[in-house]
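Beneath this line is the structure, given in structure tokens, with notes to follow.
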Amino acid sequence: MQSKKLYQNPVFWFCCTLIWCSIIFCFSAQDATASTAVSDSVLHKIAKICTAWIPADAAEIDSENHASMAFLIRKIAHLTLYFILGLFSSATMLSFANKHHRSLSAGWLCAWSFCIFYAATDEFHQLFVPGRTGRILDIGIDSLGALLGSLLLLFFVQRSVRRNQNPENGV
């Protein structure tokens, strides 16, 4: 009897998914001031790193560029948070599908659908947070991040499955 590895356990991945959903919820629950402070902190860290490659006077960020860069950082954060949610939710569904001999594609579709639903409810939640708004654009970015994360995992799982299958008839 083969011992089951932790990463093959759907309960483990389900717990990771719930924890990650909680992290996303906490970021969304921050009011506009706290959220802006986080974005500005990231922006200043990036600017500090960049000053190693560009002259100090060129690293100055005017208010127009600051706003554009802060917007970009926020959208990259959305993409990244949901990329990871896509990985975790897909790992949950794919390990469940594997355990119960179900279609990997159906498990993947279920996971991605969950991510889209969570993105929509997350944006709805932000409507009730002071200074925050819910945006359809963010749902699209979140969905894209989840799609990329879940497809990446599906690709590697299917590749692994094909590699582990025994060739038939010596082919």
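Scanning the stretch 109-151 for residues that are farther than 15 Å from F27 by Cβ and small (G, A, S) yields A111, S113, A120, G140, S143, A146, G149, S150.
Every condition in (1) assigned to a loop (DSSP other than H, G, I, E, B); (2) loosely packed, with under 12 Cβ neighbours inside 10 Å is met by A67 except one, and the failing one is (1). Residues in the stretch 118-141: is at least one open to solvent by less than 60 Å² (accessible area, probe 1.4 Å), in contact with a Phe, Trp or Tyr (Cβ under 6 Å, 6 or more places away or on another chain) and among the small types (G, A, S)? Scanning the stretch 118-141, I find at least one residue that is open to solvent by less than 60 Å² (accessible area, probe 1.4 Å), in contact with a Phe, Trp or Tyr (Cβ under 6 Å, 6 or more places away or on another chain) and among the small types (G, A, S), so the answer is yes. Within the stretch 17-49, being in a helix (DSSP H, G or I), out of contact with any helix residue (DSSP H, G or I) (no Cβ under 9 Å at 6 or more places or on another chain) and open to solvent by less than 80 Å² (accessible area, probe 1.4 Å) holds for S22, A32, A34, A37, S41.
Restricting R74, R135, R163 to residues that are within 20 Å of W20 (Cβ to Cβ) and basic (K, R) narrows the list to R74. A residue that is open to solvent by 60 Å² or more (accessible area, probe 1.4 Å), of a type outside the set (V, I, T), in a helix (DSSP H, G or I) and more than 18 Å from F25 (Cα to Cα) occurs somewhere in the stretch 100-108.
Checked across the stretch 84-105, the condition of being under 17 Å from the mean Cα position of the chain (by Cα), within 19 Å of V38 (Cβ to Cβ) and not charged (D, E, K, R) holds for at least one residue.
The values are calculated or read from the model by the stated rules, or taken from the named source; none is laboratory data. Note that the structure is predicted; figures quoted are calculated from it, not measured. As a convention, Cβ positions derive from the backbone with ideal geometry for all residues, glycine included, and neighbour counts pool all protein chains shown. For accessibility, only protein heavy atoms count, side chains too; no ligands or nucleic acids. Shrake-Rupley method; radii C 1.70, N 1.55, O 1.52, S 1.80 Å.
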